[in-house]
Amino acid sequence: MKTNYRIVIVGAGITGLTLAALLARGRHADALEITVIDAAARPAYSAADDVSLRVSAIANGSAALLDSVGAWSAIQLARISPYEAMRVWDENDTFDSGSALRFAASEFAVPQLGFIVENVLVQDALLAVLDECSVTLNFGTAIDSLPEADLVVGADGARSFIRGLAGIKTTLWPYQQTAVVTHLKTERKHAATAWQRFLREGPLGMLPLADGRISVVWSTTPERAQQAMTVSNDELGRLLTLASDGVLGELSVAGPKGAFPLCAQHAESYVLPGIALIGDAAHAIHP
Ligand SMILES: Cc1cc2nc3c(=O)[nH]c(=O)nc-3n(C[C@H](O)[C@H](O)[C@H](O)COP(=O)(O)OP(=O)(O)OC[C@H]3O[C@@H](n4cnc5c(N)ncnc54)[C@H](O)[C@@H]3O)c2cc1C
């Protein structure tokens, strides 16, 4: 009977590294020879760097999963921002109206609803776990043919090369929206709350950061996103103050900015013999 299985995970984003850690810390780890390959350089978190543009809302369940592989303690000691409440309202309404949606951690008897965490911090903590396991990490290595393995995992993002090689088709729904992402200072405190206003052109999300700033994800038309990327920071702050209906007072840009075209994409199959797709390679949705 075969007792040794070679698994190659292509992609060291959050999903690829989480899978590698789950397998390396799982009960069948001794039977697995795990390799992670990524085209990019090894990501590294540094507290000396400014908060990265790419942050994610990590729900308590995901934090528990990261804890189960030993990655959460390092994340928790670094720069994360718990959010204790959420407020969601519509363009035609006000944030304090009765029809605005409110969620509070206290309703669920938990200290927080989740955490805002830099993606690079999650990757860094998972890599520290994998450094302690017998997992081979190959960074700076772009895959251009199917690796030889018992199982190849395509964790290589929305434009998955592995998915293409396997001939797995996708269904694509372009949103005709682009997400503008930046960090801002606010006139009023963010109150450890995730704010989201639904506008006709797309939702505006405002996430609390540990240093008092907010991370904004403004989903809007490609034209308005292009305008947002080219105007001065003062003008962008003014546009976002308007879009947020002034819920946190005047907003001023205080960080880098970036634009991400949005679409929904779903692979017609997640698995074929010897191949599995995970993360954005399998399904990508609106942030
Ligand atoms: C603005 C924005 C905000 C978001 N906010 C949230 C949020 O709050 N919560 C949330 O859960 N999600 C959020 N998302 C979505 C989330 O970021 C993605 O779902 C997630 O990062 C996908 O991770 P992944 O590991 O599947 O892929 P990726 O992060 O795309 O990683 C793929 C990796 O594969 C590597 N790769 C690609 N091709 C090759 C190749 N040929 N050879 C070798 N390596 C290769 C790449 O270098 C990369 O490191 C957001 C997305 C956006 C755009």
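The values are calculated or read from the model by the stated rules, or taken from the named source; none is laboratory data. In this text, all values refer to a predicted model and were calculated from it rather than measured experimentally. Don't worry about glycine lacking a Cβ; one is built from the backbone with ideal geometry, like all the others, and counts go over all protein chains shown.
Some observations on this one:
- Selected residue (criterion: nearest to the ligand (Cβ to nearest atom)) from residues of segment 153-169 that are of a type in the set (Gly, Ala, Ser) and without any contact (Cβ under 8 Å) to a residue 40 or more places away in the chain: Gly164
- Only listed residue being under 28 Å from Val253 (Cα atoms), of a type in the set (Asp, Glu) and more than 14 Å from the ligand (Cβ to nearest atom), chosen from Asp96, Asp124, Asp131, Asp150: Asp96
- When the residues of segment 272-287 are filtered to those that are part of a loop (DSSP other than H, G, I, E, B) and either of a type in the set (A, V, I, L, M) or free of Cβ contacts under 8 Å to residues at least 12 places away in the same chain (or both), the one that is farthest from the ligand (Cβ to nearest atom) is Pro273.
- Criterion (of a type in the set (D, E, K, R), part of a loop (DSSP other than H, G, I, E, B), surrounded by fewer than 18 Cβ atoms within 10 Å (Cβ to Cβ) and without any contact (Cβ under 8 Å) to a residue 40 or more places away in the chain) met by exactly one of Asp50, Asp144: Asp144
- Checklist (1) in a helix (DSSP H, G or I); (2) of a type in the set (Ser, Thr, Tyr); (3) in contact (Cβ under 8 Å) with a residue 60 or more places away in the chain applied to Ser56, failing item: (1)
- Test: residue in segment 43-55 that is in the same structural domain as Phe161 (by TED's automatic domain parsing), near the ligand (Cβ under 10 Å from one of its atoms) and either of a type in the set (D, E, K, R) or more than 25 Å from Lys257 (Cα to Cα) (or both): yes
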